[in-house]
Amino acid sequence: MKSKLIWLITTILLSIGSQLSFAAEELYLVDLRETPGKILQVLDVSWSRNPVLRPVYIRQADGIYTIAFHVNGRAYFVDLSHHNIYATSGQTEEKIFSSADPIQDLDFDSRGRMYFSAIGGTEGVIYHLNRHTGITTPFVAFPFRSLADQTRGFWNGYFAFSPSDKLFLSIDSPQPGGSSIYEYQNGQLRERFPHRERITGFTFIDEDTIYFTNSSNRVYQVKNFSAVSVRHEEKAGRMLNDVELVKVPEHGTCTISGRLNGGNEFWSLTSVQALGPNVLWRTSPGSSVRVSGDGSYILRNLPNGRYRISTDIRGDTMAGFEPKERMVNCGTTVPNMNFSFSH
């Protein structure tokens, strides 16, 4: 009986572990010198000895200052004017908020709630922003005089939440060029990691691991607030200002199927593509499939999440299928994602 119980518990744990496993971690950066602004992915490729930067989103104009990814897909960024927050799915962008005071940084907590920091007057404030209503609520304010008394430094607006939703700040040191990461709790600041260079954007990988940039060409890794190493290094001349990491699901139980109605002559030429998750421009393995001889398609074993479904013969051409794309949240099975031929 005892052996059967151990076997059952082991089976359950392995099942849970397989559902939560990740195939890869994707690293994204912002370079202040990129004009127009770009969201850059660090990409390992077979033809290069070193990782390369691939633009996954390029703005029409203006730069990008800081970025944050929501767990359900969209990327958010602050423009170089520091007064606006935009959202993008990788193709277009939407302004979701404008501020009278300069915005420095933004982040999400473990529940997907959005926060941003604004610097103005005699204090800096971290606000909660309701992305749907545009309503802001002060989360915590830092009088600069009080911060200077506690840290002898100046808060430059960069912050991040740990996976357990502890709040951390990057504060400039009194010594020229240096910064420290502080933990904030109940009105008190606790220095956790000092660094000889100025820390700009940073993000938590887990409770004990941080990645950060320092307006140079490097991304650093900090383990247990002590051991520092270079996670990624670019050629000299870069001005990296923020870093984000996305964990890619290894597999899931999502199945999407449907039919292309009409346009029989195009069936053999057409495929259906599913983009997602967690960043909407990602194409997951197995997420593109040819349309069969009867106009049907099926996408199997996709990681669970939000997808953009589209055909390669679009509805905005002389001959195509409408709608040109469809959005869907997929956890198990989504049938009848149909498209209709249009002239």
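Please treat every number below as a calculation from the coordinates, not as lab data. These figures come from a predicted structure and were not determined experimentally. Using ideal geometry, Cβ is built from the backbone for each residue, glycine included, and neighbour counts are taken over all protein chains shown.
Results, tabulated for the structure shown:
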{"item": "Lys, Arg +1 and Asp, Glu -1 on Cβ, resulting dipole of the chain about Cα centre, debye, nearest 20", "result": "640"}
{"item": "Entry for log10 I(q)/I(0) by the Debye sum over Cα atoms at q = 0.07, 0.15 Å⁻¹ (calculated from the structure that is shown) out of (i) -0.33, -1.20; (ii) -0.28, -1.34; (iii) -0.36, -1.26", "result": "(iii)"}
{"item": "DSSP beta bridge pairing in the chain, given as percent antiparallel to the nearest 5", "result": "95"}
